[in-house]
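Presented below is the structure to which this report refers.
The values are calculated or read from the model by the stated rules, or taken from the named source; none is laboratory data. Note that the structure is a prediction, hence the values are computed from the model and not measured. In this analysis, Cβ positions are derived from the backbone assuming ideal geometry, glycine residues included, and neighbour counts consider all displayed protein chains. Keep in mind that these areas ignore ligands, DNA and RNA; they rest on the heavy atoms of the full protein, side chains included. Shrake-Rupley method; radii C 1.70, N 1.55, O 1.52, S 1.80 Å.
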Amino acid sequence: LREGVKEAISTLGQGFLSHPANTTLKERLRSGDLSKEEYFRQLLRLIYRLLFLFTAEDRDLLLDPRANQTTRDIYFRYYSASRLRTLANKVPGSKHHDLYQALRLVMQKLGSPEGCPELGLQPLGTYLWQPTAVADLENAEIDNASFLKAVRYLSVTEENQVKRPVDYKNIGA
């Protein structure tokens with residue numbers, strides 16, 4: 001998984017920088033207002049968020065246990081990180097940027113004081129989920145192809161030319 005994390009950071013970093021909508025991000029890096037180190041830290045926090053979501057979903061710990069089945073179905077069908085992993089392993093992606101927008105909505109709700117009862121999300125309240133943790137990525141865009149490629153790096157490991165899905169339900173620290 002370590003190599004997958006490295007590749008995912010690189011893929012996300014390049015994906016955000018290559019998207020034409022991210023002029024502010026690129027200018028902040030050019031001017032030095034955003035250091036390369038801080039950009040790397042924000043990318044790493046985004047990776048941590050994804051890893052947390054993969055693990056929490058697979059262990060059935062993310063959604064409010066009081067959420068009804070319809071709410072749970074909506075979350076898993078349209079907003080879940082497991083949906084992203086499934087897509088990443090089926091399609092290469094496109095130039096659209098809707099997948100990261102949906103993830104961004106989930107991340108914003110997890111960082112808000114009220115969560116999102118409509119999706120069964122309870123607020124998490126830690127720094128990782130605050131907008132300041134990924135301030136320069138909060139409003140940035142990334143195309144689905146780059147985003148899914150990064151998710152793929154986090155979803156599959158390869159050993160002796162055999163690809164296996166990462167078992168986030170049973171993964172250790």
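For Lys109, the aspartates and glutamates whose Cα falls under 20 Å of its own Cα, not counting residues fewer than eight places away in the same chain, are Glu57, Asp58, Asp60, Asp64, Asp73, Asp98, Glu118, Asp136, Glu138, Glu141. Taking amide hydrogens as placed 1.01 Å from N in the peptide plane, the amide H of Thr157 sits under 5 Å from those of Arg164, Val166, each at least 5 positions away in sequence or on another chain.
Inter-label distance, Thr23 to Lys90: 3.7 nm, where each label sits 7 Å from its Cα along the C-beta direction. Applying a length cut-off of 18 Å (Cα extent along the axis) and a mean Kyte-Doolittle floor of -0.5 to the DSSP H helices of the chain leaves 2-18, 36-58, 98-111. Between the amide H of Cys116 and those of Leu121, Gln122, distances stay under 5 Å, these residues lying 5 or more places away or on another chain, with hydrogens modeled in the peptide plane. Mean residue ellipticity at 222 nm from the helices of the chain, using -39,500 (n - 2.57) per DSSP H segment of n ≥ 4 over the full residue count, to the nearest 500 deg cm²/dmol? Per the formula, -17000 deg cm²/dmol. When the P(r) of the range 80-173 is calculated, the portion above 22 Å amounts to 40% of the C-alpha pairs.
When every Cα-Cα distance of the chain is counted in 5 angstrom steps from zero, the calculated P(r) takes the values 1, 8, 17, 21, 20, 17, 9, 4, 1, 0 percent. Distance from the C-alpha centroid of the range 141-167 to that of the range 51-107: 15 Å, rounded to the whole angstrom.
Calculated accessible area for the range 43-173 comes out at 54 Å² per residue, all protein chains present (probe 1.4 Å; ligands, DNA, RNA ignored).
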